[in-house]
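Colleague: Let me begin by handing over the structure; questions about it come next.
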Amino acid sequence: MAKISVMGTGSWGTALAILLHNNGHQVMLWSAHPEKAASLNQTREDPKKLPGITIPDGIVITGDEKTALDSPDIVVFASPSAYMRAISKRLSPLIRQGQIIVNVAKGVEENTLMPVCDVIKEEIPQADVCVLSGPSHAEEVSRGLPTTCVVSARKKETAEYLQGLFMSPVFRVYTTPDMLGVELGGALKNVIALAAGTADGLGYGDNTKAALITRGIAEMARLGAKMGAKLETFAGLSGIGDLIVTCASVHSRNRRAGYLMGKGYTMQQAMDEVQMVVEGVYSAKAAKALAEKYDVEMPIIMEVNKLLFENKPASEAVKDLMQREKQGEISWEL
């Protein structure tokens, strides 16, 4: 049995706390807002984020970070990526040397173009920062539906240790040495999901969705390879796996926001309607900047940015994607 602190009471943090508790671990769930912790302690449910799911009594819920970080074996960072630097800075003085931190947020910081694990490591240099990612909606994990994820760490032994902690009959975990690829896949797929949702909102069909997923993974893999990630990572759980579930699922807040924009909502109106953090909006500018920095062609990413930040009509964005200059899917041998 391990002593595990989950930092963040969003849907994903809460779902992972329940999973780890059910695996037999001693789990503490921390909220950055003491009033939220008090409410969850009283009701043992978050009807807004995980309706119908009861938080087991064995999970200790606290709003005090000193209590949460009192000698845990591992710490799970489950705050949204846009807030991760501020949370890391706040918690850094309480993190001991060599503490294993598992990042489960997905994103790239807009101003630094750093993946989330690098942001955490910069603010908490004494920590051993790892990542867990994959096609894993919190709503399904909290209900015990079969799910697979991938964990990556600097050392194989650490990844295998975490694999053992998270594994259960309903939660299968693989390991990989490619932390960068895992993080890029998790961040970039949210931007592609905005495009897929927009196509749904416009009333387009399965052909369009399949095209966006397929060409989207091509864009993600091109950038990842140029940045030094392993190409095969994008054919795995944190690449095509996470992209499929985020583009297709009713649980996907990114797809939902895109759907609303396809129906004519502005970006802000869509985010207000979804009422949860839409990670793809925060990652879109960073993805565009990375494409420009590494000189990688990413037309879907570019059109999503125009849709989000230049008020380009969704139908015009799709038309411009379809009418781009003719290309081959695979290069011809010369």
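The values are calculated or read from the model by the stated rules, or taken from the named source; none is laboratory data. What you see is a predicted model; the values in this text were computed from it and never measured. Cβ placement follows ideal geometry from the backbone for every residue including glycine, while neighbour counts extend to all protein chains displayed. With ligands, DNA and RNA removed, areas are computed over all heavy atoms of the protein, side chains included. Shrake-Rupley method; radii C 1.70, N 1.55, O 1.52, S 1.80 Å.
Colleague: Which number in (1) closer than 30 Å to Ala2 by Cα; (2) within 20 Å of the chain's Cα centre (by Cα) marks the one condition that Ala196 misses?
Modeller: Here Ala196 meets the rest and fails (1).
Colleague: Just wondering, is there one or more residues in region 310-317 that are of a type in the set (Asp, Glu), in contact (Cβ under 8 Å) with a residue 12 or more places away in the chain and part of a loop (DSSP other than H, G, I, E, B)?
Modeller: no
Colleague: Right, next: Out of the residues in region 15-40 that are farther than 13 Å from Val60 by Cβ and of a type in the set (S, T, N, Q), which is most open to solvent (accessible area, probe 1.4 Å)?
Modeller: Per the stated criteria, the residue is Asn22.
Colleague: Checking the conditions here, which among Thr233, Thr266, Thr246 is polar (S, T, N, Q) and at pLDDT 95 or above?
Modeller: Going through Thr233, Thr266, Thr246 in turn, just one is polar (S, T, N, Q) and at pLDDT 95 or above: Thr233.
A quick yes/no check of all residues on (1) modelled with pLDDT of 95 or more; (2) over 30 Å from Glu292 (Cβ atoms):
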residue: Thr9; (1), (2): yes, yes
residue: Ile18; (1), (2): yes, yes
residue: Ala37; (1), (2): yes, yes
residue: Pro47; (1), (2): no, yes
residue: Asp57; (1), (2): yes, yes
residue: Lys89; (1), (2): yes, no
residue: Arg96; (1), (2): yes, yes
residue: Gly107; (1), (2): no, no
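Colleague: From the list Arg253, Arg222, exactly one residue is charged (D, E, K, R), in contact (Cβ under 8 Å) with a residue 24 or more places away in the chain and in contact with a helix residue (DSSP H, G or I) (Cβ under 7 Å, 6 or more places away or on another chain). Which is it?
Modeller: On the way: Arg222 fails: in contact with a helix residue (DSSP H, G or I) (Cβ under 7 Å, 6 or more places away or on another chain).
The conditions single out Arg253.
Colleague: Quick check on region 180-195: of everything there that is of a type in the set (A, V, I, L, M) and more than 16 Å from Ala225 (Cβ to Cβ), which residue is surrounded by the fewest Cβ atoms within 10 Å (Cβ to Cβ)? It would help to see each step written out before you state the result.
Modeller: Step one: filter region 180-195 for residues of a type in the set (A, V, I, L, M), giving 180, 182, 184, 187-188, 191-195.
In the following step, the residues that additionally are more than 16 Å from Ala225 (Cβ to Cβ) were identified as 191-195.
Working: Val191: 31, Ile192: 28, Ala193: 32, Leu194: 34, Ala195: 32.
If we take residues in region 180-195 being of a type in the set (A, V, I, L, M) and more than 16 Å from Ala225 (Cβ to Cβ), then Ile192 is surrounded by the fewest Cβ atoms within 10 Å (Cβ to Cβ).
Colleague: To continue, here is another question. Limited to region 279-314, what total is found for residues that are touching a Leu at 6+ places or on another chain (Cβ under 6 Å) and polar (S, T, N, Q)?
Modeller: 0
Colleague: Could you run through region 86-113 and say how many residues are closer than 18 Å to Gly186 by Cβ and either surrounded by 20 or more Cβ atoms within 10 Å (Cβ to Cβ) or in contact with a strand residue (DSSP E or B) (Cβ under 7 Å, 6 or more places away or on another chain) (or both)?
Modeller: Our first condition is that a residue be closer than 18 Å to Gly186 by Cβ; within region 86-113, this holds for 87-88, 101-110, 112-113.
Next cut, either surrounded by 20 or more Cβ atoms within 10 Å (Cβ to Cβ) or in contact with a strand residue (DSSP E or B) (Cβ under 7 Å, 6 or more places away or on another chain) (or both) only: 87-88, 101-109.
Number of matching residues: 11.
Colleague: While we're looking at this one, here's another question. Taking Ser81 and the conditions (1) within 20 Å of His137 (Cβ to Cβ); (2) surrounded by fewer than 20 Cβ atoms within 10 Å (Cβ to Cβ), which numbered condition does it fall short on, given that it satisfies the others?
Modeller: With respect to (1) within 20 Å of His137 (Cβ to Cβ); (2) surrounded by fewer than 20 Cβ atoms within 10 Å (Cβ to Cβ), Ser81 is out only on (2).
Colleague: Also, I was wondering about something else. Could you check Val277 against (1) surrounded by fewer than 24 Cβ atoms within 10 Å (Cβ to Cβ); (2) assigned to a helix (DSSP H, G or I) and say which number it fails?
Modeller: (2)
Colleague: What strands (runs of 3 or more DSSP E) completely inside region 121-179 contain at least 3 residues that are surrounded by fewer than 18 Cβ atoms within 10 Å (Cβ to Cβ)?
Modeller: Working: elements: 128-133, 147-152, 171-176.
Of the strands (runs of 3 or more DSSP E) lying wholly inside region 121-179, those with at least 3 residues that are surrounded by fewer than 18 Cβ atoms within 10 Å (Cβ to Cβ) span 171-176.
Colleague: Open to solvent by 60 Å² or more (accessible area, probe 1.4 Å) and assigned to a loop (DSSP other than H, G, I, E, B): does that describe Val250?
Modeller: So Val250 passes the test.
Colleague: Then there's this: From the list Glu297, Glu292, which residue is open to solvent by 80 Å² or more (accessible area, probe 1.4 Å) and assigned to a helix (DSSP H, G or I)? Can you show your working first?
Modeller: Working: Glu297 fails: assigned to a helix (DSSP H, G or I).
Criteria check complete, one pass: Glu292.
Colleague: When Tyr282 is evaluated against the numbered criteria (1) modelled with pLDDT of 90 or more; (2) surrounded by 13 or more Cβ atoms within 10 Å (Cβ to Cβ); (3) more than 20 Å from Leu202 (Cβ to Cβ), which criterion, by number, is the only one it fails?
Modeller: (1)
Colleague: Anything in region 253-274 that is buried (at least 22 other Cβ atoms within 10 Å of the Cβ) and either in contact with a Leu (Cβ under 8 Å, 6 or more places away or on another chain) or more than 28 Å from Ala15 (Cα to Cα) (or both)? List them, or say none.
Modeller: The answer is Asn254, Arg255, Ala257, Gly258, Met261, Gly262, Ala270.
Colleague: Which of the residues belonging to region 121-142 are over 29 Å from Ser249 (Cα atoms) and in contact with a helix residue (DSSP H, G or I) (Cβ under 6 Å, 6 or more places away or on another chain)?
Modeller: Glu123, Ile124, Val129, listed by residue number.
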